[in-house]
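Structure first, commentary second.
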Amino acid sequence: MKIFQRGTRSLFGEILDWMLTPLLLIWPISLALTWLVAQNIAGRPFDRALEYNVQALTKLVVVRNKEVLFSLPAPAREILRADDSDLVYYQVLGPRGEFLSGEQDLPLPTLHHKPVYGEVLLREDVMRGEDVRVAYAWMDIDLPGSQPLLVQVAETLEKRKTLATEIVKGVMVPQFITLPLSVLLVWLALVRGIKPLAQLEKRIRARKPDDMSPLDESAVPEEVAPLVSSINDLLSRLKASLATQKRFLADAAHQLKTPLAGLRMQADLAQRGGDAEELKKSLKQIGKSSIRATHTVNQLLALARAETTGRSLAQQPVDLVHVVSEAIQDSVPRALEKQIDLGYEGPALGDTASRVKGNPTLLKELVRNLLDNAINYTPANGQVTARLLTDRFSGVIALVVEDTGPGIPEAERELVLEPFYRALGTNVDGSGLGLAIVKEIAQQHGATLSIDDADRPGHPQLPGTRVTLRFSGTGPG
């Protein structure tokens, strides 16, 4: 049950509702319980007075000449009935049930159990249409064959109700003051308790759009710390995403500047109108620059796709034999153009031991970049070989691409994995993104990457390069 209904959900309102609703519901229950307790407390002194009156009347019963007599002096009768708010009745019945004194119509007690002599008992009853409280006692008379004598005193309940009402007023009236005060204190405590959330909201709103630094978790309550931690994690991922985008834009601008400048220069030379041979040279250079620009754009897009969407793409069991075969087929024209022997060594298609869990599009991009990089740096009449090796015991699958090129000095093997870095002393035309793309995709597939010299004894001038990627296979099936 909610006392306060709102159109929009508010954390402050929700907590306030659940704190005030029990408080407001308990108050009427407390009122009812107080009334019941007050009636019980208010009745005790009057019950004792009734018991005293019964005991006093029993002392006025005497036996003379084997006859039971009861005499209540007039002053005592007046004192017994001297009450402005309640009516007091009494009754004395002899040992044979004969009426001795008092009101004849006073109801008799119900005998469920054997009478207890000398003990004053209490009961509720009705006298002349009014509820009364009755005290009664059975008195044993020392006469042969006599029955016990009954003495009863009854009183209406007006004084009891009045006293109970006064007790309830004395208890509940202060609550009319303390209840609003309690509500106010609950409100103030809730405002103070929720203040850190308001301060956190102000700190977040006051931030500049480019401020991706983490929020201070020490300044928030323990219950809010997980939320702040999640926000900091989101800020960290958002910062990395923005950094990737900025780097992509900067790299794209930097790498496209040279081919585009070459295109503009060759176009200017062609427009000047020279002989046909010069025009052909300019058009040929324009073609080369456009090819280079296209290759650079494709590489940049591949790197951006690998960095930003690789972890969110669906992964599935992928047959590396199929992926490597397709990549080799795509690279055959370039290998033939450079007169390079492009080969494959490894399992045949359909071998279940060569499967890894990953994204087939990115894995094909990885293999294609490895082959492109090897072909670019391998001189004419050289060799480029792709191998797939499977350890059936550990489930590790190794993809090895080996070439007969100039190799990569050990000091530069970490640097060539960074975007746009190219080994010194080479005149190969490239974007410097191939191995960076390979590194990013390998990381997203949990693969380890290593670069070594190829096993070519007797050829120190062209040691060759061997790039090895180790995957954890999915196993058969």
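The values are calculated or read from the model by the stated rules, or taken from the named source; none is laboratory data. These numbers were taken from a predicted model, which means no experiment stands behind them. With ideal geometry, Cβ positions are generated from the backbone for all residues, glycine too; neighbour counts draw on all protein chains shown. The area values use the complete protein model at the heavy-atom level, side chains included, leaving out ligands, DNA and RNA. Shrake-Rupley method; radii C 1.70, N 1.55, O 1.52, S 1.80 Å.
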Computed FRET value (nearest 0.05) for residue 12 with residue 217, which takes r as the C-beta separation and R₀ as 25 Å: 0.65
With all protein chains modelled, accessible area of residue 377 [1.4 Å, Å²]: 50 Å²
Environment charge at residue 340 (Cβ cut-off 11 Å; Lys +1, Arg +1, Asp -1, Glu -1): -1
For residue 384, distant residues with modelled amide H under 5 Å away: 341, 342, 343
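Using heavy-atom solvent-accessible surface (probe 1.4 Å) with all chains present, what is the largest-first order of 96, 64, 207, 334? List each step's numbers first, then the result.
Working: 96 200, 64 145, 207 60, 334 85 Å².
Sorted descending by solvent-accessible area, the residues read 96, 64, 334, 207.
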For the stretch 369-424 and the stretch 188-242, distance of Cα centres in Å: 46 Å
Entries of 364/439; 202/246; 208/239 with Cα pairs more than 21 Å apart: 202/246
Per residue value of the accessible surface for the stretch 128-225 (all protein chains in place, 1.4 Å probe), Å²: 63 Å²
Residue order for 354, 213 - accessible surface, 1.4 angstrom probe, largest first: 213, 354
Accessible area of residue 60 in the full protein assembly, 1.4 Å probe (Å², nearest 10): 60 Å²
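Ranked from the most accessible area to the least, with a 1.4 Å probe and all protein chains present, what is the order of 46, 471, 99?
Working: 46 45, 471 5, 99 80 Å².
Largest accessible area first, the list is 99, 46, 471.
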With DNA, RNA and ligands ignored, accessible area of residue 85 (1.4 Å probe; Å², nearest 10): 60 Å²
Pair residue 418, residue 185: separation of 7 Å Cα→Cβ label points (nm): 6.5 nm
